[in-house]
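Have a look at the structure below before the remarks.
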Amino acid sequence: MSDDSAALVKAFSSGRPVDGEGLTYGVVGSLRIGAMFKGASNCVLRQFAGSERGRVLSIENASGFNFSNVRLLRSNGDDNAFVESDVGEQGGFWFLRCSQFKMSRVVATGGGVGTSLTLSDCSVFSIEDPKVSSIRYHRHQRPRDDILHGIWLNRCRQFELVRPWVTDLGGVDDQGFSRDNNRAIAVSGCQAFRITDLTVSDCGQGLDVTGSDGNHDFQIVRGHAANCWTWGFKFANSAQHVRVSGAIAEACGLGGFVVSGRSELSDPPPEDIEFLECQALDCGRLDIPQSTFGFGVLHARPDSVYPQNVRFVRCAAVDRRPKKGMKWGFLNEINAPPPGANVVMNCTVRGASVSEFRGFGATAS
């Protein structure tokens, strides 16, 4: 296949929408397009293997465009050259400081270290039916945490993510194959957003809403996280004013749903988080010493300001396996403020190996 990088840069910078007419185009290195980008559709971008992978396509400071029916085939290779590289230096599609755009039916497969679809400092946009799969690193040593994502939304506001689908994140290193140390969908420092009908599986963490920049005023509506190495749905550090409804976490290694305290004293404390009619099914890896649970509110560090006003309403934690891995159905580690500040209401537990509820006092029912 030929290198079409120069032609793509020219077309994407022309100030007109580009229809790829269903063809496949070869890319070497990183394509960087500015504010003249007005959209692209109906094409496949195939990244050539090599040490200059970087970000395949980076769109910066553009607005008012449509990006639809575009598929990216990332190259697979030796990731040892990226030992110290930040997750922000490698990946697939990147959108930086863009606004008022629509994205639909974007597909990314393959690749290793980095993120397949990143949106950073973007506002007022919608993404429908993005699909990411088969992200596999190859390294001598296991990569540090947080260096591989399927979809990453960073410091964005006023957006909707509809039917995202991310699966098969992991890699091979000197310890063998692992799905640890990655996120299917990561959200950091975002506000005023909604994620609907997500599907994530076979990854490290399913949906990780975290980061010291603070995520607030958002909703997670339905969704299924399955076969996650640690947690299915995680809200850590600074999530505020949140509603999670109708979500299911299944076969997640440490827990289905977790809220944990801030990691830096400068972060706002997590608070006002409601889980409504969610289910944790068969969560907890067998024979591990850590606390495993369906739903949990956890410490993060010694601190006098903990997650508070966390509410579990009509939720269910169930372990259907003959050998139980879920120790607690609902676990609250927070002693200050008093346990009554975090509550369970009309929730049910079946199959907990230690106890159904811990730390919620008389509020459990």
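The values are calculated or read from the model by the stated rules, or taken from the named source; none is laboratory data. Keep in mind it's a predicted model, so treat the numbers as computed, not measured. We place every Cβ from the backbone using ideal geometry, glycine too, and count neighbours over all the protein chains shown. Side chains included, ligands, DNA and RNA excluded: accessible areas come from the protein's heavy atoms. Shrake-Rupley method; radii C 1.70, N 1.55, O 1.52, S 1.80 Å.
Please verify whether Asp197 is closer than 20 Å to Glu277 by Cα and modelled with pLDDT under 95, treating the condition exactly as stated. Explain how you work it out, then say what you get.
On the way: closer than 20 Å to Glu277 by Cα: yes; modelled with pLDDT under 95: no.
Against the criterion (closer than 20 Å to Glu277 by Cα and modelled with pLDDT under 95), Asp197 does not qualify.
Report, by residue number, each residue of the stretch 342-365 that is of a type in the set (A, V, I, L, M) and at pLDDT 85 or above.
Filtering the stretch 342-365 for residues of a type in the set (A, V, I, L, M) gives 343-345, 349, 352, 354, 362, 364.
Residues satisfying the conditions are Val343, Val344, Met345, Val349, Ala352, Val354.
Going through Ala236, Ala192, Ala247 one at a time, which residue ends up being modelled with pLDDT under 95 and under 23 Å from Pro307 (Cα atoms)? Walk me through it before giving the result.
On the way: Ala192 fails: modelled with pLDDT under 95; Ala247 fails: modelled with pLDDT under 95.
Every option except Ala236 fails the conditions.
Could you list, in sequence order, the residues of the stretch 207-230 that are within 19 Å of Tyr306 (Cβ to Cβ) and either open to solvent by less than 20 Å² (accessible area, probe 1.4 Å) or in contact with an Asp or Glu (Cβ under 8 Å, 6 or more places away or on another chain) (or both)? Lay out the reasoning, then the answer.
Narrowing the stretch 207-230 to residues within 19 Å of Tyr306 (Cβ to Cβ): 209-212, 214-216.
Within the stretch 207-230, Val209, Gly211, Ser212, Gly214, Asn215 qualify.
Looking at the structure I just gave you, is Arg136 in contact (Cβ under 8 Å) with a residue 12 or more places away in the chain, basic (Lys, Arg) and in a strand (DSSP E or B)? Reasoning before the result, please.
Working: in contact (Cβ under 8 Å) with a residue 12 or more places away in the chain: yes; basic (Lys, Arg): yes; in a strand (DSSP E or B): yes.
For Arg136, the condition - in contact (Cβ under 8 Å) with a residue 12 or more places away in the chain, basic (Lys, Arg) and in a strand (DSSP E or B) - is met.
Mind listing whichever residues of the stretch 275-303 are at pLDDT 95 or above, assigned to a strand (DSSP E or B) and open to solvent by 10 Å² or more (accessible area, probe 1.4 Å)?
Leu276, Gln279, Leu281, listed by residue number.
Look at the stretch 98-123 and say how many of its residues are over 22 Å from Gly189 (Cα atoms) and part of a strand (DSSP E or B).
7
How many of the residues in the stretch 161-171 are in a strand (DSSP E or B), open to solvent by less than 10 Å² (accessible area, probe 1.4 Å) and not β-branched (Val, Ile, Thr)? Before the answer, list the steps.
Of all residues in the stretch 161-171, those in a strand (DSSP E or B) come to 161-162, 165-171.
Checking the rest, the ones that are also open to solvent by less than 10 Å² (accessible area, probe 1.4 Å) come to 161, 166, 169-171.
Among the residues that remain, those that are also not β-branched (Val, Ile, Thr) are: 161, 169-171.
Residues flagged as in a strand (DSSP E or B), open to solvent by less than 10 Å² (accessible area, probe 1.4 Å) and not β-branched (Val, Ile, Thr) within the stretch 161-171 amount to 4.
Condition first: touching a Leu at 6+ places or on another chain (Cβ under 8 Å), open to solvent by 10 Å² or more (accessible area, probe 1.4 Å) and part of a strand (DSSP E or B). Can you find one or more residues in the stretch 253-269 that meet it?
Looking for residues that are touching a Leu at 6+ places or on another chain (Cβ under 8 Å), open to solvent by 10 Å² or more (accessible area, probe 1.4 Å) and part of a strand (DSSP E or B), one finds at least one in the stretch 253-269, hence yes.
Suppose we filter the stretch 126-158 for residues that are open to solvent by 10 Å² or more (accessible area, probe 1.4 Å) and either in contact with a Phe, Trp or Tyr (Cβ under 6 Å, 6 or more places away or on another chain) or closer than 19 Å to Asp202 by Cα (or both); how many remain?
First, pick out the residues of the stretch 126-158 that are open to solvent by 10 Å² or more (accessible area, probe 1.4 Å): 126, 128-129, 131, 133-134, 136, 138-142, 144-146, 152, 154-155, 157-158.
With the extra rule that they be either in contact with a Phe, Trp or Tyr (Cβ under 6 Å, 6 or more places away or on another chain) or closer than 19 Å to Asp202 by Cα (or both), the set shrinks to 129, 131, 133-134, 136, 138, 142, 144-146, 152.
Counting residues in the stretch 126-158 that are open to solvent by 10 Å² or more (accessible area, probe 1.4 Å) and either in contact with a Phe, Trp or Tyr (Cβ under 6 Å, 6 or more places away or on another chain) or closer than 19 Å to Asp202 by Cα (or both) gives 11.
Scanning the stretch 313-326 for residues that are out of contact with any Lys or Arg (no Cβ under 9 Å at 6 or more places or on another chain) and of a type outside the set (Val, Ile, Thr), which turns out most open to solvent (accessible area, probe 1.4 Å)?
Step one: filter the stretch 313-326 for residues out of contact with any Lys or Arg (no Cβ under 9 Å at 6 or more places or on another chain), giving 313-315, 321-324, 326.
Narrowing further to those that are of a type outside the set (Val, Ile, Thr): 314-315, 321-324, 326.
Details: Arg314: 119, Cys315: 2, Arg321: 57, Pro322: 139, Lys323: 113, Lys324: 78, Met326: 1 Å².
Ranking the candidates gives Pro322 first.
Condition test on Asp272, is it among the charged types (D, E, K, R), farther than 28 Å from Ile147 by Cβ and at pLDDT below 95?
Details: among the charged types (D, E, K, R): yes; farther than 28 Å from Ile147 by Cβ: yes; at pLDDT below 95: yes.
Considered against the rule, which asks whether it is among the charged types (D, E, K, R), farther than 28 Å from Ile147 by Cβ and at pLDDT below 95, Asp272 comes out as yes.
Answer yes if at least one residue in the stretch 73-89 is modelled with pLDDT of 95 or more and either in contact with a Phe, Trp or Tyr (Cβ under 7 Å, 6 or more places away or on another chain) or of a type outside the set (D, E, K, R) (or both), and no otherwise. I'd like the intermediate steps shown before the answer.
At the first step, the residues of the stretch 73-89 found to be modelled with pLDDT of 95 or more are none.
No; the residues of the stretch 73-89 include none that is modelled with pLDDT of 95 or more and either in contact with a Phe, Trp or Tyr (Cβ under 7 Å, 6 or more places away or on another chain) or of a type outside the set (D, E, K, R) (or both).
Conditions tested, residue by residue: (1) under 12 Å from the mean Cα position of the chain (by Cα); (2) polar (S, T, N, Q); (3) not in a loop (DSSP other than H, G, I, E, B).
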site: Phe125; (1), (2), (3): no, no, yes
site: Phe159; (1), (2), (3): no, no, yes
site: Ala184; (1), (2), (3): yes, no, yes
site: Phe193; (1), (2), (3): no, no, yes
site: Gln219; (1), (2), (3): no, yes, yes
site: Arg222; (1), (2), (3): no, no, yes
site: Ala225; (1), (2), (3): yes, no, yes
